[in-house]
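Student: Please find one structure pasted underneath; my questions will follow.
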């Protein structure tokens, strides 16, 4: 089990998707450019089955901002977005009201 301290060490922040394109080497992945308010980053996300690239642009999402970067099928991912999946598909987690980019989720 995770402790409260484990959870406190995870840095969750609000970001906005600025660009989404199909991953060149994977059918289920998007390469996203996101804005965290004070910096721009690239994420690789396995959400192509639930969204089109056009639907994603402008969406505010929650990301794990302090995850070690990883190369996924040749593209660097500098974080991870949060989403839920059930029998109805994928749903991105996002704030219920407009909040500043980079706001910490607690």
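Student: GNM, the chain, Cα, under 10 Å: largest mean-square fluctuation among 70, 45, 20?
Tutor: Of the options given, 70 has the highest mean-square fluctuation.
Student: If I build a Gaussian network model for the chain, linking alpha-carbon pairs within less than 10 angstrom, which residue out of 31, 57, 71 has the largest mean-square fluctuation?
Tutor: Result for the chain, Cα springs under 10 Å: 71 fluctuates most.
Each reported figure results from applying straightforward, stated rules to the coordinates on display, with no laboratory input. Computed from a predicted structure; not experimentally measured.
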